[in-house]
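Every number here is computed from the coordinates shown, using simple stated rules; none is lab data. Remember, it's a predicted structure, so these values are computed and weren't measured experimentally. Please note: Cβ atoms are built from the backbone with ideal geometry, for glycine as well, and neighbour counts cover all protein chains shown.
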Amino acid sequence: MAHAMTVPESGHAPRPRKAPMPPVLRAFLWAAIGFLLLNTFVIAVDPFRGHPFVTGPSVVFGWVGAAIGWLLGIGLYDAVLLPLMGFPTRWQERQQGWRRYWEFATDHKVIGLQYMMFAVGGFLIAGGIAMLMRYELMTPYLTIFHYPSNYLTAVGIHGTLMMFSFATVFMIGGLGNYFVPLMIGARETVLSKLSGIGVWLVPVGILTVLFSPLLGEWSTGWRGYEPLAGQDANGILFYYLGVLALTMSSLIVALNLVATVMFRRAPGLTWGRLPLFVWGQVTVNLLMLIWFPEIQTTFVMALLDKVVPLNFFTATGSPLTYLMLFWLFGHPEVYIIAVPAFAIWNEIIPVMAQKSLFGRQWAVIGLVFVMMLSGLVWAHHMFTNLRNSEILPFSFFTEMISIPTGFAYMSAIGTLWKSKVRLNTPMLWILMSMFNFLIGGLTGVFLADPIVNLQLHDTFWVVGHFHYTIIGSMVFSGFGAIYYWLPKLSGRTFNETWGKTLAIITFLAFNLTFSQFFLLGLHGMNRWVPAYPAYLQPMNFEVSIFAFILGAAFLGNILYIGYCWRNGAQAGENPWGAKTPEWFTSSPAPRYNFPVQPEIVGSLYLYGEGTKVPVVTTALGELAATSRATQDPQFDWHDYAPDGGGVTS
Amino acid sequence: MSKVPNEPPIESPEPQQPEWSRRQFLVGTAAIGVAGAVTLFGRQSLVNAARSVFGSPVSSGTVHLYAYDYYYIPNYMTWRVGDRMEVIFQNQSHTHWHEWTMGRHVNEAYFQAFGNLPADAWQEDFWDGVPVTLSDPYGIDNFVPNQAIVTYVGPKAAYNIQSGGDFSPTLKPGGSLHLSFTVPNKPGLWDFGCFVQQYIHYRTGMRGQVMILPA
Amino acid sequence: MTNAPEQRRSAALTPANYRAVRFSMLFFIATQIVPFVVLFEAKYLYDGSYVSPQADQGFGVAGAVLMALSAWVAWQALRARTGPDARERVATRLKVAAGLGLLAMLTVIYQWGLRYASPQGRFGEMYYVISGADMVYAVVGLIMVGIAILRNARQDMAPERFWTAEASVYFWVYVALAWIASWVVVFLL
Amino acid sequence: MGENVVFAVLWVVFSVLGEIGDRVIIRHNPMYYIVSNQGQLALQAFNFLLVVLTPVFVFVVLFLVFTMVRFTTKRGEMPPANKRFAIDNKAFVLVWVGGSIALNLLFFLHPTTSAMEQMFALDQPAANTHDLVVDVTARQWQWIFSYPQYGLTQTLTPNGQNLLELPVNVPVKFVLRSYDPYHTYDQYADVIHSFWVPAFGIKEDVIPGETRYEYLTPTAITSYAVNPMVRVQCAEVCGPGHPWMESPLAVVSDQQFAQWVKAQKALANG
């Protein structure tokens, strides 16, 4: 926050005691200690002699020790464990200053920003790796990667970080944590401490995956296909462990947000009035709560396959079972990423058009049915290895899932029709997102058709398809959302000319890059190859050029947003004229979000003649009879500040 | 702000306890970042730098060379011209054939998919004109003498001699072979590698280097 | 306890918050059914309903019965939350439950030590993985119960401070149920 | 009413233009080069989807452009707030929901089910009695082809590379397995590969411990030299050697095939 960047000068005051270590450094130190303790213990009890100091089993336990040490060091010990066991603690939550983003926090807004910060870090790392991959693919033989295993490891780290530390984290951990409580008029989340701990699992996961090559190259990509993973070096262990940390973090977000939406909605915010973005978050949170434990179990089984070793998914076990279990999670994962984006479209469009949202119930039904169907389509990733008899049902559900997905378009089109919409930067990003996801969806129809899939599977057509769906939906909508909420996040706004220019450059570079992936795929370019037949080189070369532009464009947007965050023009309290509750408090919102508990008295998506302001924040001086405090004898503001605001009863 | 009943208490002022240091935070994280980057990308450079500064121990006499899927142990050796060597070459793989070739310069541009694959990969074969004695053959798949001056200990048939390509003993899984020779006067850095399966082993990193020091 | 300054004591919970965190805990526990569903499915997939003749039924029964008893005792701790000497009664029950749980875990460790089943066999690998999952959850549950015991020793029994104990009991009961289900799947079916 | 009519007219115009474009694309073969009966099925399905999806694509894209052109305020202006807005339009919702259901059901019936039925029919044992059988063994990292009907265990180029050669217009049954044939004690020790000839328009994963079949008929005399899509390539990542897990392929006339079989036999017998 720009206004809170002051660093207290404490030179004049006598220091009562030595300044503590920065929590992040303490976390690193404790992580190192935890690793050494458990690693050494395992090495000491390991009956096999003559092994190196770090072995597969020892590194797994050492990692667990490091993760626990990291969390304890960052604040779990002071802030949670001591009070939990009834011991006194010196920990007190920091209320302002940049330091609170670098330590344990319980404010959902701080946590949300921490999630966004780490997610953007993951995005930049994984994006940088994508640039290296594109550089490699400019030539049909190996250049900057000396061996294919290096390239494949890069592909794996790129995919894993993008999926687990960015795509699922930014929208849900970041925007979800920040805005869901604000949008439901809540003053705090339910599991604020747990949530504050969970966010620090994201750097654990990112660093684990990033440093996996230290244990050896792994060649499976982000899917960890067996039995190949069983052959890989121990680097694959850090893939499993990193994903465990990242999914655990997302699981905590999901649990926290679901409980918050269940119990912390403002008076009057019925399920029928719940903002669309919150609907999107709740549906994907439920998906996460079902499928993340499933993939975690699968990864633990794969890990045991590797370190014990056992035989679940090895060539003598059942490799197909791993594929099934992976995609059983893997397809819902795609919707976990995309559904919040659909919700964002219909969140922003009515605001920018100042026109009532068309077919709100259909938009919600679409989100919910996508969620329900997403668990029934997984095997369309496996048409090339399923038994023939199993193909058609999965093809059926895969084709059917496009129907509820289309409802997001229907609502958006109905709203925009004959509107007078402000075509500003957020709106432009949303329209671009709709275009890109349309291409992603339509190319998916080809893939859903088994006979076509048998040709296109594992080619660059698929790569193009999922980059269109994921970047097209999640990244473009994410930029739209950030530009839309920038005044809320920072109190500042951006310059339309710059915003639109960057959006258009990104859009063009993105489309010029990934549309050619379809042609490459049709022309016989297969995946996971740093070396390929020479006839594919010209197009690959050209794609790489556009990819570099795209990378620069993403970087430019991020830098520009960072610039505006600190130096942009002051924005009004509700610059877009929105009706959702997050705009009915100061920007950025204070610690408990709203000075008084707001009440919702009308639909959040109706505009035009005869509609009223749906959010009532009773003026401080006139706590009138409308206030719930006077009507409900049980009412207690503690309900909205779960840790009692520091007061015990 | 005035206090009202329905209002959380005003935040207590920031505690008067010492702040953690910003400089410590920045320097510490930067140092960790640098250390991380070096461990990720700089290990080979560190090893090379250490070798160029301190040199590496000269092997002579009996040396073991193990072939695994798909790497050698050791993958770096230092020899001295004129030393008598006995290299015991063993294939430790359970599933794959491996060979040992040594020379200089492979054109990596060949290594696109469906690239042009010459049978004779090294532009310069280390063993050209080098007298070498082969003994204790076990599990030899084939042997190509190329231009080397070879003495066979035991029945020549055991080596299943073929022609074409570089000097290359190819071992079946579990096979082994002793090569005895005097290091020829070919100082400098030489590469070795396994070209089995259309060079895929070499292309995936089954290679190493020998530094030959002048006498 | 009174030696700690008021505002540094752990948070108290209002009734509404109590409902919210209870919902969260139960929901979390519900999600933790998923891992066992995956493991039981894997068991069915890999070796159907086969039970190795070497698997010792006695230890299986002993572990399951001990865990059932432990869960029952733990549940009684919830009921003992009110009334005079509630604090002692809760503490005793939690300690007994933890002790029984430890005993059950010891039966499994003893079984592992005897190596009835080879981890290379189909039955063996599922046996070790499922009992290992039980053990991991039991260790987490024991840590939670241990924290509840510690906290109970240091703080009064006001209802709004009881959540830690209640949460640990919920989780412990889930651990016991998962344990018994695993016993049914591994030893009986 | 004006906007509706303009939009409808534009939609029809651009859809027609799109369809014309589709005809051009289809004439030039969107899959570049397909020389098998299986691939023809895929190509037909692809073309059908292309033709049917074009109006859908045009509808949404045209709408987005239309929005940007017709439905926007001037820069810096707020939208007018004095209107009442429809939040529901039963006809539109009905057409949209019904249309998307109908479209997807259509796709499921044709080409999904119809093409799969044709493929299953090609796979029937009765339809494949006297065809050519090629045992394909996927191993890290090579394709090994054997022709049990001709007693050929491993067919090679003079360079020692594995080679797949097929007679034109003869149905082929590929028997796909993944293991290391040189280590029969370890039958399953390999990983998942995917047998893909881009020009045949079909790929099938090869899974350790399982046997998969693929049936097709090559329809033209061709080879890698004619078109680089005529090649055997592993399509599923299978370790560091994956990019080079490849093999040349030639489709030849019956006579040439017979000669080739003879030559291979001679080669195998030394």
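Quick notes on this one:
- For the pair B:S163 and B:V58, label points projected 7 Å from Cα toward Cβ lie 3.9 nm apart.
- Sites A:R90 and B:L26 - FRET efficiency at Förster radius 30 Å, r taken between beta-carbons, to 0.05: 0.80
- For segment A:335-376, average projected area of the Cα convex hull in nm²: 2.8
- Remark: mean inter-chain Cβ contacts per residue of A:601-613 equal 2, using a 10 Å Cβ-Cβ cutoff to other protein chain atoms.
- Extension gain, D:D88 to D:D254, is 53.1 nm, computed as 0.36 nm per intervening residue step minus the present C-alpha separation.
- Gaussian network model of chain C, springs between alpha carbon atoms under 10 Å - residue of C:V175, C:V73, C:V37 with greatest fluctuation: C:V37
- Extents of chain A, largest first, come to 74, 66, 46 Å (Cα atoms, principal axes, whole angstrom).
- Residue of B:Y71, B:Y110, B:Y159 that the Gaussian network model of chain B assigns the largest fluctuation, springs spanning Cα pairs under 10 Å: B:Y110
- Shielding by partners for peptide A:518-525, expressed as the average number of C-beta atoms from other protein chains within 10 Å of each residue's C-beta, is 4.
- Each principal axis of the Cα cloud of segment D:131-268 was evaluated for its coordinate range; sorted largest first, these ranges are 38, 30, 28 Å.
- Shielding value for D:66-76 is 6, the average number of Cβ atoms from other chains within 10 Å of each residue's Cβ.
- When you restrict to C-alpha pairs under 8 Å that are six or more residues apart and normalise by the size of chain B, the relative contact order lands at 24 percent.
- Over segment A:516-624, volume per residue of the alpha carbon convex hull, in Å³: 231
- Residues of type lysines that A:K306 reaches as a straight line, Cα spacing below 26 Å, ignoring anything fewer than 8 places off in the same chain: C:K43
- Compared with the rule-of-thumb size 2.2 N^0.38 Å for a compact globular protein, chain B has a Cα radius of gyration ratio of 1.65.
- Projected label distance in nm at A:S389 and D:K262, using a 7 Å step from Cα toward the beta-carbon: 4.7
- The alpha carbons of segment C:57-144 stretch over 55, 23, 16 Å along the principal axes, in descending order.
- Counting only DSSP H runs of at least 4 residues, each contributing -39500 (n - 2.57), and dividing by the residue count of the protein assembly as shown, the helix-based mean residue ellipticity at 222 nm comes to -16500 deg cm²/dmol.
- Across D:V232, D:V95, D:V197, mean-square fluctuation computed from a Gaussian network of chain D (C-alpha pairs under 10 Å connected) peaks at D:V95.
- Calculated FRET efficiency for the pair C:L189/A:W498, C-beta based, R₀ 60 Å, to 0.05: 0.40
- Reach of D:K203 by Cα under 25 Å, taken over lysines that are not fewer than 8 positions away in the same chain: D:K173
- Cα pair count fraction exceeding 36 Å, expressed as % - chain D: 37
- Share of alpha-carbon pairs per 5 Å distance bin for segment D:87-211, given as whole %: 2, 9, 13, 16, 15, 11, 8, 6, 5, 5, 4, 3, 2, 1, 0
- Across chain C, the fraction of Cα-Cα pairs farther apart than 21 Å, rounded to a whole number, is 54%.
- Annotation: aspartates and glutamates with alpha-carbon distance below 14 angstrom to A:K355 (same-chain offsets under eight excluded): A:E347, A:E609, D:D88.
- Note on D:T211/D:E117: beta-carbon distance plugged into 1/(1 + (r/R0)^6) with R0 of 25 Å gives a FRET efficiency of 0.60.
- Estimated D of segment A:169-311 in µm² per second, where Rh is the Kirkwood radius over Cα pairs and Stokes-Einstein applies at 20 °C, 1.002 mPa s: 131
- Zero-based 5 Å bins, Cα pair distances in segment A:436-538, whole percents: 3, 11, 18, 19, 14, 12, 9, 6, 5, 2, 0
- Computed over the alpha-carbon pairs of segment D:6-92, the distance histogram in 10 Å steps reads 14, 29, 26, 16, 10, 4, 0 percent, short to long.
- Once the mean of 1/r is taken over each pair of separate Cα atoms and inverted, the protein assembly as shown shows a Kirkwood hydrodynamic radius of 34.0 Å.
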